[in-house]
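Below is one structure, written out as C-alpha cells; comments come after it.
The values are calculated or read from the model by the stated rules, or taken from the named source; none is laboratory data. Only a predicted model underlies this, so the values are computations on that prediction, with no experimental measurement involved. Heads up, the Cβs are rebuilt from the backbone with ideal geometry, glycines too, and the neighbour counts pull from every protein chain shown.
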Number of protein chains: 2
Amino acid sequence: MREHGGNLDQAVQRFGGRVQDWIDLSTGINRQPYPVGEIGQRHWSALPSHSDIESLHEAARQAYATGAPILALAGAQAAIQLLPRLAPCGRARVLAPTYNEYVAALSVAGWDVVEVSTFDALAGADLAVVVNPNNPDGRRYDKAELLALLPRVGRLVIDESFADATPELSLAAEAGRPGLLILRSFGKFYGLAGLRLGFVLGGEGDIAALSVMAGPWPVSGAAIAVGRRALLDRDWAKATATRLDGDCLRLDAEVKSRGWRLLGGAPLFRLYETTDATAAQERLAGAHIWSRIFGQQPGWLRLGLPGNEAEWARLAGALVR
Amino acid sequence: MREHGGNLDQAVQRFGGRVQDWIDLSTGINRQPYPVGEIGQRHWSALPSHSDIESLHEAARQAYATGAPILALAGAQAAIQLLPRLAPCGRARVLAPTYNEYVAALSVAGWDVVEVSTFDALAGADLAVVVNPNNPDGRRYDKAELLALLPRVGRLVIDESFADATPELSLAAEAGRPGLLILRSFGKFYGLAGLRLGFVLGGEGDIAALSVMAGPWPVSGAAIAVGRRALLDRDWAKATATRLDGDCLRLDAEVKSRGWRLLGGAPLFRLYETTDATAAQERLAGAHIWSRIFGQQPGWLRLGLPGNEAEWARLAGALVR
C-alpha cells in the first residue's frame, strides 16, 4: 500500500498506545466533524433508490454552486480509480508533488505518466491532473490559468478535495465544459472520511461513462442521508471555513517556537520545513500525536488542525519538549 | 438503468402512496435486518485502517468457513463491476436466466457474452458465471458439478449472494483454487443492502489484482463496524436461516389460494408461475405490496418474504382480493 496520512496503525505499532489515545494530525480531515445524527432504517436496509441518489446530487450541486452533471462516488478516491478508463491510454501529466494516487492509478492502467513540476509542462497531455489547492504544499491556481490550459490538453482533471473552505478557487461551475472534470471530496471538510463519499463533475458524456463504470449503487444509504443533510447546511460550512482560517494562523504561530518555516497549506493542513522531519515526527509521536512526513523531502512535515482545546494543549506541550 | 427489484420509486410513481407505506417484496433482501447498533465516531471520521479491514476479512472468513484470500467491496455488485477487467476480454458464458448485471457489465467492457441455458454449455468459456442458488429461479448446483467445470473454463465465477442460509452449497472453502472466484453479498441475508458490503474470494493473484482496482478504501467505516459484528454472530445467522425456511413454506402455502405454481426459490425469495404476472403485480400494488416481474417471462412473479405479522396479514388480504 502506498504511503498516506491516516495510517495510525503504523504509529501504534511503532510508538505504542491504543488508536484512541492518539491525535491523528497526519491527514487533512477536519477533527470537528459534521454531526452524523439519525439515519433512518430505510437507508440501512433498502438499496439506495434513484430518487435518493438524485437528491444527494442536487444537494452537492447547491453546495458546490454548479448546475453541471455530477456523480456521487465512494470518495474522491473512487473517482481516481475510474478516471484512467475514461479514455484510451495516452500521455498523462500530473503536476507534482501531489497526492500520490494519481500516478499510481494511471500507471497501473497502462498510461504513460510523467510528473511535471511546472504548470506549463501540462500542455499537450491527453490527461492533465492539477490538485487545487494542492496537497501537501497548498499551491493554488486561479481559474483563468486553468481554463486557459483546458484547450491545450485532452482532459483536465482538477482535484478540489481541499477547496470547500476556499470556494473562490473552484471551477465546479464550469464543469459542463468538454474535457473538464472536477473531483470533490466530502469526507475531509466534513470530517467524515469513513462515510466514503465524493463527487465528480464533468461533461454529460464523461459523467454517464463514469456512472456505467461505477454501477447502480455506488454510495451507501448512510452516505446519502448524512451527505445530503451536511451539504445543504451552508451555515455550518461557513462557520467551519471561518474557524479553520483562525486555526491555521494559530497552528502557524504555535510551531514558530520550534523554528519551523511555513511552506504552504490549505485550510485543513499546513506544510512546514523542519531541519529533520523524521526527528520531528518521532518527537510528536512521543506525545501520541501523529504527523505526515515525505520520503523524498527530508525536511517536510505536514500537520492537520487539532479539533479541540485539549488537543491544542497536547500539541503545544509536545512542541516545547 | 436496468430492471431490478427494489425500485420502489417506480411503484410509488405508478400506484401512489409514500415509500414508507409500501411493503417491498420485489427484492430478496431480508426484512428482519440485523440490528445496526452503535457505530463508534472513529468509524465515521477516520479513513478505514488496514487493521480494521483485516478484521472484517477475518470475520467474513469465519462466517463463510474458509481460509481463502478475500476482499471486502461495496457490495457484490462492486465485484461484478471489476470482474470484466481481471483478464483480457474473451468469451464469457453466463448461465441464464439470472441476475442481469453480469451480461451488462461484461458486454460494456468488451467481452463476447453469451447467455446459455444449460450447465454444460459453459465449458470452454474464458469466464463462466453461475449464480448458486440462482436468482430468480432458485436452481442449485452441487459442489462436485461446479468443481468438475473449473478445469474446463478460464475462470469460474460463482455468485453465492443467496447462499447464506444454505451453507452446504457454498464453495467458499475451495476459493483458493486457481481460476475460481466466489462472490458473497452481505446486504441480502443481513437485511442491510444500504450498507453496501460484499466480498470476493479467490486465488491470491486475482484478489490482489481486484484490490488494486478497488483502491485503498473500498468499504465504509460503518460497513466495517456493522459487518464485522454481524458476520461473527453465528447464532443470529442460524436462527435466521431457520426462520426463513419456515417463512418460505408459509409463503408457498399462502399463494396456493391464487393458484400460483412454485417454480423455485431460495430462502429469501420465491418464484411463482402465474397466469398473468403483470395483472398479479398490479393487484398486489393496489395494497401497496411491490413484487418483481420479468419482461421475457409473462407468467413469472418473484416475491420476497414479509418481515412481520402485519406484513403477512396485508399480503394475505391482497392475495384473496
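Summary of computed values
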{"read-out": "Whichever residue in segment A:202-218 is within 7 Å of chain B (Cβ to nearest Cβ) and outside any helix (DSSP H, G or I) and, among such residues, is surrounded by the fewest Cβ atoms within 10 Å (Cβ to Cβ)", "value": "A:G215"}
{"read-out": "A:A125 being aliphatic (A, V, I, L, M), over 18 Å from A:H4 (Cα atoms) and in a loop (DSSP other than H, G, I, E, B)", "value": "yes"}
{"read-out": "Test: residue in segment B:233-251 that is part of a loop (DSSP other than H, G, I, E, B) and among the hydroxyl-bearing types (S, T, Y)", "value": "no"}
{"read-out": "All positions within segment B:36-62 that are at the interface with chain A (Cβ under 10 Å from one of its Cβ atoms) and of a type outside the set (A, V, I, L, M, F, W, C)", "value": "B:G40, B:Q41, B:R42, B:H43, B:S45, B:P48, B:S49, B:H50, B:S51, B:D52, B:E54"}
{"read-out": "Selected residue [within 12 Å of chain B (Cβ to nearest Cβ), within 21 Å of the chain's Cα centre (by Cα), under 19 Å from A:D24 (Cα atoms) and in a helix (DSSP H, G or I)] from A:G187, A:G227, A:G194", "value": "A:G194"}
{"read-out": "From the options B:E174, B:E145, B:E160, B:E168, residue that is acidic (D, E) and buried (at least 23 other Cβ atoms within 10 Å of the Cβ)", "value": "B:E160"}
{"read-out": "Candidate set: segment B:265-321, residues that are aromatic (F, W, Y) and touching a Phe, Trp or Tyr at 6+ places or on another chain (Cβ under 8 Å); chosen: the one nearest to B:A239 (Cα to Cα)", "value": "B:F269"}
{"read-out": "Residue match in segment A:290-299 (condition: over 12 Å from A:T27 (Cα atoms) and crowded, with 18+ Cβ neighbours inside 10 Å)", "value": "no"}
{"read-out": "Meets criteria (modelled with pLDDT of 95 or more, within 18 Å of B:G307 (Cα to Cα) and either at the interface with another protein chain (Cβ under 10 Å from one of its Cβ atoms) or crowded, with 21+ Cβ neighbours inside 10 Å (or both)) for B:I23", "value": "yes"}
{"read-out": "Options B:G28, B:G17, B:G90: the member that is out of contact with any helix residue (DSSP H, G or I) (no Cβ under 9 Å at 6 or more places or on another chain), outside the structural domain of B:A123 (by TED's automatic domain parsing) and not hydrophobic (A, V, I, L, M, F, W, C)", "value": "B:G28"}
{"read-out": "Residues located in segment A:103-114, provided they are more than 19 Å from the chain's Cα centre (by Cα) and over 10 Å from A:P84 (Cα atoms)", "value": "A:D112, A:V113, A:V114"}
{"read-out": "Residue in segment B:138-173 that is farthest from B:L82 (Cα to Cα), counting only those that are in a helix (DSSP H, G or I) and in contact (Cβ under 8 Å) with a residue 60 or more places away in the chain", "value": "B:P167"}
